Amino acid sequence: MQLCRFLRWKSWYGTEVYTEASLIDEVRANEVPYTCLQTCQPWGPDDAAALPEACDASRRCFRPSPKLVRHPGPVS
């Protein structure tokens, strides 16, 4: 899962760095309103919904987020 750097929700403003697993858990809960930093609304500049599952590389406004850290796998 990739995350757009412009997608925001209330807990995003903490200092947590998400692993892929923790981000997927939070997205699955989907209990918070999302907004786009480009529009400050619940939709992006292309008028499509600002949602984790919708804000992906298929949209022209998408920019990958540096906050998502891919988990490197099990630690040996």
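All of the numbers you see were taken from the coordinates with simple rules; none came from a lab. All values reported here derive from a predicted model rather than from experimental measurement. With ideal geometry, Cβ positions are generated from the backbone for all residues, glycine too; neighbour counts draw on all protein chains shown.
Remarks
- Nitroxide proxy distance, nm - points 7 Å out along Cα→Cβ at residue 47 and residue 21: 4.2
- Charge tally in the Cβ shell below 13 Å around residue 49, where Lys, Arg are +1 and Asp, Glu are -1, residue 49 excluded: -3
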